[in-house]
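Here is the structure we will look at.
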Amino acid sequence: LDVDLHGPSIPRMIGLPGQKCFGMENQIMPLSISENLKVMSIAFLIPDDTQAVIWRGPMKYAVIQQLLADTEWGELDYLVIDAPPGTGDEPLSVAQLVGSGAGAVVVTTPQKVAIEDVRRCITFCQQLHLSVWGIIENMAWLACPHCQETIRLFGETSGGSQLAKETGLDLLGSLPIDPQIADGADAGLAIADCPVSAPVHQAMEQI
């Protein structure tokens with residue numbers, strides 16, 4: 001479930017840009033990617049992909065509540081909700097609506113500016129009694145294409161590791177920068193279907 005109402009990017013990343021879903025008997029039918037994956041996004045419901053969504057908090061809450069309650073998911077093993085960064089209306093609505101048993105995985109990049117924002121997100125989850133299952137550090141390092149030396153573009157220290165130690169949370173993994181990930185997202189390909197580097201696959205397996 002993609003609850004980024006202002007910039008829904010999941011349809012592009014899964015290869016369904018411009019696709020629309022339909023409803024029946026007050027139920028919204030999600031789009032099936034495979035036998036094991038169904039997806040819902042506000043992008044599937046607005047008529048024009050260039051249309052700006054200009055909604056205030058109560059409207060956002062109502063829409064997210066409808067996406068959660070009225071989507072005909074069928075039997076699920078997991079419901080993964082992708083929320084925009086920060087502690088705004090979308091993650092707040094999700095945290096209030098999902099109920100007990102849910103948890104959050106927070107994603108950061110290594111630099112201090114990002115770490116400070118993610119630290120607030122962790123506090124946000126704790127105040128709302130939403131379990132934090134761990135931290136993922138994205139864009140942690142880059143392997144030089146010529147010598148394979150590790151280059152840390154955002155500083156020599158791992159902000160994700162520091163944040164994990166500070167908060168007592170698990171660092172689930174650190175993902176390196178790989179241009180193939182961006183190319184794959186633009187093409188609607190999962191990482192498993194992209195010719196990404198071995199360190200990316202190893203990091204994903206660890207996570």
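The values are calculated or read from the model by the stated rules, or taken from the named source; none is laboratory data. What you see is a predicted model, and the numbers here were worked out from it, not measured in a lab. Here Cβ is always computed from backbone atoms with ideal geometry, including for glycine, and neighbour counts include all displayed protein chains. Areas reflect the complete protein model, heavy atoms only, side chains present, ligands, DNA and RNA absent. Shrake-Rupley method; radii C 1.70, N 1.55, O 1.52, S 1.80 Å.
For the stretch 149-166, residues that are in a loop (DSSP other than H, G, I, E, B) and exposed (fewer than 12 other Cβ atoms within 10 Å of the Cβ) total 3.
Quickly run through the stretch 172-207 and pick out the residues that are in a loop (DSSP other than H, G, I, E, B) and open to solvent by 50 Å² or more (accessible area, probe 1.4 Å). Give the derivation first.
Initially, the stretch 172-207 is screened for residues in a loop (DSSP other than H, G, I, E, B), giving 175-176, 178, 188-190, 194-197, 207.
Within the stretch 172-207, 189, 190, 195, 207 meet the criteria.
Within the stretch 132-144, the set of residues being closer than 15 Å to residue 164 by Cα and open to solvent by 60 Å² or more (accessible area, probe 1.4 Å) comprises just one member, 133.
Every condition in (1) within 18 Å of residue 119 (Cα to Cα); (2) at pLDDT below 95; (3) open to solvent by 30 Å² or more (accessible area, probe 1.4 Å); (4) in contact with a helix residue (DSSP H, G or I) (Cβ under 9 Å, 6 or more places away or on another chain) is met by residue 169 except one, and the failing one is (2).
Within the stretch 106-131, the only residue that satisfies the criterion of being under 16 Å from the mean Cα position of the chain (by Cα), open to solvent by 70 Å² or more (accessible area, probe 1.4 Å) and modelled with pLDDT of 95 or more is 107.
Taking the stretch 19-35 as the search range and keeping residues that are at pLDDT 90 or above and in a loop (DSSP other than H, G, I, E, B), which one is surrounded by the most Cβ atoms within 10 Å (Cβ to Cβ)? Result: 30.
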